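Below is one structure, written out as structure tokens; comments come after it.
The values are calculated or read from the model by the stated rules, or taken from the named source; none is laboratory data. Please read these numbers as outputs of a predicted model, since none were measured by experiment. Cβ sites come from the backbone with ideal geometry, for glycine too, and all protein chains shown count toward neighbours. Keep in mind that these areas ignore ligands, DNA and RNA; they rest on the heavy atoms of the full protein, side chains included. Shrake-Rupley method; radii C 1.70, N 1.55, O 1.52, S 1.80 Å.
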Amino acid sequence: MGILSDRDILESVMAGSIGISDFNENNLTPNGYDLHISEILISGKGNLQKKGTVSIPPRTMFYVSTIEQIKIPDDICAQLWLRTHWIRKGVIASFGKIDAGFEGTLTFGAYNATDEPISIPIGEKFCQVVFEALISTSQKNYEERSGHYQGQTGITLEPVK
């Protein structure tokens, strides 16, 4: 049990165990898969951006959703990691685990920690998902335990269930 390699991810996607909408082998990394920005919402602005390049003001919180919908089986969970490209530009992001049995797009918060605006293009790679095999299948998956965000699409700040 451990982290899935690119080979494991490819085999799991081809077998239908892991679901990644619009799967593209070019987005595989040695131990993960890159996810892209679908939309950005700047905190306090109320203006959801779905195209173009978004300028994130200095010292500002913003939310990102993924283009890709992810489907995780009951014997895998996943971590998210901000791409170092964005870390080097001064973005800080908060990620959690993707629970076994989760299905939907992903929403996460990020912060421009610099004193300058940061330009982020919609469609750009933003984070990497790293899949981890569980020692055993979960007794109750995400949907059965809480499922508050199961099936979410787009930026979702409140539970859908």
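Miscellaneous remarks
- Between helix 6-15 and the chain: long-axis angle, C-alpha atoms, 0 to 90°, nearest 10: 70
- Under a 5 Å amide H cut-off, with hydrogens placed 1.01 Å from N, residue 83 pairs with 127, 128 among residues at least 5 apart or on other chains.
- Full-extension gain in nm, residue 67 to residue 146, via 0.36 nm per residue minus C-alpha separation: 26.1 nm
- Other residues whose C-beta falls under 15 angstrom from the C-beta of residue 28 contribute a net charge of -4, scoring Lys and Arg +1 and Asp and Glu -1.
- Accessible surface of the range 67-161, 1.4 Å probe, proportion on carbon and sulfur as whole %: 48
- Rounded to whole Hz, the Karplus (6.51, -1.76, 1.60) HN-Hα couplings of the range 51-57, x for glycine and proline: 7, x, 10, 9, 8, 8, x
- Annotation: for a label point projected 7 angstrom from Cα along Cα→Cβ of residue 124, residues of the range 31-52 with backbone N closer than 15 Å are 35-42, 49-52.
- A simple count of charges around residue 53, restricted to other residues whose Cβ falls under 14 Å of its Cβ and scoring Lys, Arg +1 and Asp, Glu -1, yields +1.
- Solvent-accessible area per residue for the chain (1.4 angstrom probe, square angstrom): 52
- Cα centroid of the range 80-109 to Cα centroid of the range 8-25, whole Å: 19
- Each label point was placed 7 Å from the Cα along the Cα-to-Cβ direction; for residue 115 and residue 11 their separation is 5.2 nm.
- The 3J(HN,Hα) values that the Karplus relation (6.51, -1.76, 1.60; θ = phi - 60°) gives for the range 69-82 are, in residue order, 8, 10, 10, 10, x, 6, 10, 9, 10, 8, 10, 10, 10, 5 Hz. Gly and Pro appear as x.
- Residue 62 long-range amide H proximity, modeled H, under 5 Å: 43, 110, 111, 112
- By the helix-only formula, in which each DSSP H run with n ≥ 4 contributes -39500 (n - 2.57) and the sum is divided by residues, the chain has a 222 nm mean residue ellipticity of -3000 deg cm²/dmol.
- The mean sequence distance of close C-alpha pairs (under 8 Å, at least 6 residues apart), as a share of the length of the range 27-83, puts its relative contact order at 34 percent.
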